[in-house]
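*Asks:* Below is the structure I would like to discuss, written out as structure tokens.
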Amino acid sequence: MATPSAPLKVLVVGSGAREHALVKAARRSPLVREVLAAPGNAGIADEAPCHAVKADDVPGLVALAQKENVNFVIVGPEVPLSLGLVDELTAAKIPAFGPNRAGAELEASKVYTKNFLLRNKIPTAYGETFTSTAAALAYLAKKSLPIVIKASGLAAGKGVTVATTRAEAEAAVRASLDEKAFGASGDEVLIEDFLPGEEASMMLIVCGEKYLVLPPSQDHKRVGDGDTGANTGGMGAYAPAVIVDAPLLARIEKEIVRPTLTAFTREGIDYRGVLYIGLMLTPTGPSVVEFNVRFGDPECQVLLPLLETDPLKILWDCANGALAPSACRLKPHFAATVVLASYNYPASPRLGDVITLPPISSLPAGVDILHAGTKRNTAGELVTSGGRVLSVVATAPTLRAALAAAYQTCERIQFAGAHYRRDIGARQLARE
């Protein structure tokens, strides 16, 4: 393991609840003397200085890190990773947690990832790619339903359609290729066979071929209870997800994790960061739905509290090639997070609604309110500034207790149009 030669001054890049969770973890670490954020949000600003440098401004972030004498950068979102922020920080001799541009391509291009999975014989749905609407529609005409249409590039979790009718499938293709609903990210579409089963998320801290398995989790993507309504960036999550039991985890490691990391080495990818494996647990076994190259949001919020070992120590060791998975310990607890969203999210979220929060001192033990889409208006009031506004996280010895604490806190938060799912973790509770 690698110990910093001096206390760390940490810069957290990003502005969501994931980054708020990372800021909190950094501030609690005995290795850290100071934490900064860029650009941050209103909640992060209460805990760390925030700098008005956008997460996609690679030169600006490098300049900020140099000016502030930062000696460790944690990159939260996928966009700066895909733009090569870690490559530029490395060139400036500033250690950073997150994969380089070559590794980030696994999320930046769904087509690249699909080809990677297929050529390395890693379980995944069969798919083909198209840049022509006519060719895509001709292919759809030959396929059975349901079917999955994905914009190849980064689309903030909104570029995927699971179509159950021909009209829906064709509309998804036209929206991406003709209507440019996702800009350049939709110039190429991936059409995949539908995989039946239940979804689960597995996140690994990867350092070359060494890896730490974080507790399996389940995200809730649909906006409404019972998995109804539009896909979102995530309305809540919980961990550990007991659907991924020890035998299934061993199979995932054997059939997916180790072959993937071996392929990285073979293809010259020096991967250091989070590898998020989106899984479908099909009747014939686990299959890869997607790779992401950073902590999931909202999964990050439930994973960090379950680490007994200092999370910053783990991230620092990984970035410096010294990850020691056997030295990392987990808490025997459950964590749950519930996302409070703004009016009309995800279609066209209304912004500027005043938020009333309970006093931090009144929150139950194990509960945190993390900010995502918040800012201060000219009157100094806390207001909504994004679709996903707040994330209420609770940790407890049982999932039922964690969920109860999270939902009790959600009821104490007020802003016009606020809505949240009331069935986070319900499938696991039913299994129990």
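*Asks:* Past the 18 Å Cα-Cα mark, which pairs from LYS54/LYS180; LYS24/LYS313; LYS254/LYS331; LYS121/LYS254; LYS150/LYS221; LYS54/LYS375?
*Replies:* Listed pairs above 18 Å: LYS54/LYS180; LYS254/LYS331.
*Asks:* Using the Karplus curve 6.51 cos²θ - 1.76 cosθ + 1.60 with θ = phi - 60°, what ³J(HN,Hα) values do you get for each residue of the range 82-90, in whole Hz, with x for Gly and Pro?
*Replies:* Karplus-based 3J(HN,Hα) across the range 82-90 equals 5, 8, x, 4, 5, 4, 6, 5, 4 Hz.
*Asks:* Moving on to the next point. For VAL32, enumerate residues with amide H under 5 Å from its amide H, sequence gap 5+ or separate chain, H modeled in the peptide plane.
*Replies:* HN-HN under 5 Å from VAL32: LEU8.
*Asks:* Where does the charge balance sit around VAL289 when Lys and Arg score +1, Asp and Glu -1, over other residues with C-beta under 12 Å from its C-beta?
*Replies:* -2
*Asks:* So, counting K/R as plus one and D/E as minus one, what does the shell of residues with Cβ under 14 Å around GLU308 add up to?
*Replies:* Around GLU308, the charge tally is +3.
*Asks:* Taking the C-alpha atoms of the range 341-392, how large are the radius of gyration and the largest Cα-Cα span, Dmax, in Å?
*Replies:* 11.9, 35
*Asks:* Here is a further query. Shape of the range 185-316 from its Cα gyration tensor (a ≥ b ≥ c, root eigenvalues): rounded if a/c is under 1.5, otherwise prolate when a/b > b/c, or oblate? Could the numbers behind the result be given before it?
*Replies:* Numbers: a/c = 1.42, a/b = 1.19, b/c = 1.20.
Because its axes are fairly even, with a/c under 1.5, the range 185-316 counts as rounded.
*Asks:* Which value, in debye to the nearest 20, describes the size of the charge dipole of the range 237-379 about its Cα centre when Lys and Arg Cβ atoms bear +1, Asp and Glu Cβ atoms bear -1, and nothing else is charged?
*Replies:* 140 debye
*Asks:* Working from the alpha-carbon coordinates of the chain, get Rg over Rh, Rh being the Kirkwood radius.
*Replies:* Working: Rg = 20.8 Å, Rh = 22.0 Å.
That ratio is 0.94, to two decimals.
*Asks:* Residues with amide H under 5 Å of VAL73's amide H, sequence separation 5 or more or different chain, H placed in the peptide plane at 1.01 Å from N; which?
*Replies:* LEU11, ALA96, PHE97
*Asks:* Using just the helices of the chain, give the 222 nm mean residue ellipticity in deg cm²/dmol: DSSP H runs with n ≥ 4 each add -39,500 (n - 2.57), and the total is spread over all residues, rounded to 500.
*Replies:* Calculated at 222 nm, the ellipticity per residue is -8000 deg cm²/dmol.
*Asks:* Leaving out ligands and nucleic acids, and using a 1.4 Å probe, what accessible area per residue does the range 300-402 come to in Å²?
*Replies:* Counting only protein heavy atoms, the per-residue value for the range 300-402 is 39 Å².
*Asks:* Take every Cα-Cα pair in the range 270-326 and report what % of them are more than 17 Å apart.
*Replies:* Percentage above 17 Å: 52.
*Asks:* Also, I was wondering about something else. Compute the semi-axes of the equivalent ellipsoid of the range 112-238, taking the square root of 5 times each eigenvalue of the Cα gyration tensor, and list them largest first in whole Å. Provide the component values of the computation, followed by the final result.
*Replies:* Numbers: eigenvalues 136, 72, 42 Å².
One finds semi-axes of 26, 19, 15 Å for the range 112-238.
*Asks:* Report in % the part of the accessible area of the range 13-60 that belongs to carbon and sulfur, leaving out ligands and nucleic acids; probe 1.4 Å.
*Replies:* 48 percent
*Asks:* Loop only per DSSP, at most 14 neighbouring Cβ atoms within 10 Å: give me the trypsin sites (Lys or Arg not before Pro) in the range 335-395, ordered by residue number.
*Replies:* When the trypsin sites (Lys or Arg not before Pro) of the range 335-395 are filtered for loop state and at most 14 Cβ neighbours within 10 Å, ARG350 remain.
*Asks:* Determine the distance separating the Cα centre of the range 219-261 from the Cα centre of the range 172-190; give it in Å without decimals.
*Replies:* A separation of 26 Å, based on Cα centres.
*Asks:* Among residues other than TYR343 whose Cβ falls under 9 Å from its Cβ, what is the net charge (Lys/Arg +1, Asp/Glu -1)?
*Replies:* 0
*Asks:* Between the DSSP loop rule and a limit of at most 13 other Cβ atoms within 10 Å, which trypsin sites (Lys or Arg not before Pro) in the range 86-123 are left?
*Replies:* LYS93, LYS121
*Asks:* Now for a different question. How big is the shadow of the Cα convex hull of the range 28-117, averaged over all directions, in nm²?
*Replies:* For the range 28-117, the mean projected area of the Cα convex hull comes to 6.8 nm².
*Asks:* Got a sec to turn the phi values of the range 272-278 into Karplus ³J(HN,Hα) couplings, 6.51 cos²θ - 1.76 cosθ + 1.60 with θ = phi - 60°, whole Hz, x for Gly and Pro?
*Replies:* Per-residue couplings from phi come out as 9, x, 7, 10, 9, 9, x Hz.
*Asks:* Same structure again: I'd like the Karplus ³J(HN,Hα) series for the range 282-292: coefficients 6.51, -1.76, 1.60, θ = phi - 60°, whole numbers in Hz, and an x wherever there's a Gly or Pro.
*Replies:* Couplings: 8, x, 9, x, x, 9, 7, 8, 6, 10, 10 Hz.
*Asks:* Amide H neighbours of ASP297 under 5 Å, counting only residues 5+ apart in sequence or on other chains, H built in-plane at 1.01 Å?
*Replies:* Here the answer is none, since no amide H 5 or more places off falls under 5 Å of that of ASP297.
*Asks:* Write out the trypsin sites (Lys or Arg not before Pro) in the range 129-185 meeting two conditions: DSSP loop, and at most 10 other Cβ atoms within 10 Å of their Cβ.
*Replies:* Sites meeting the loop and neighbour criteria: LYS142.
*Asks:* Can you sort GLU267, GLU209 by 1.4 Å-probe accessible area, starting with the largest?
*Replies:* Correct descending sequence by accessible area is GLU209, GLU267.
The values are calculated or read from the model by the stated rules, or taken from the named source; none is laboratory data. In this text the structure is predicted, and so the values were computed from the model without any measurement. Positions of Cβ are generated from backbone atoms using ideal geometry, with glycine treated the same way; all protein chains shown enter the neighbour counts. Side chains are part of the model used for accessible areas, which takes the heavy atoms of the whole protein and leaves out ligands, DNA and RNA. Shrake-Rupley method; radii C 1.70, N 1.55, O 1.52, S 1.80 Å.
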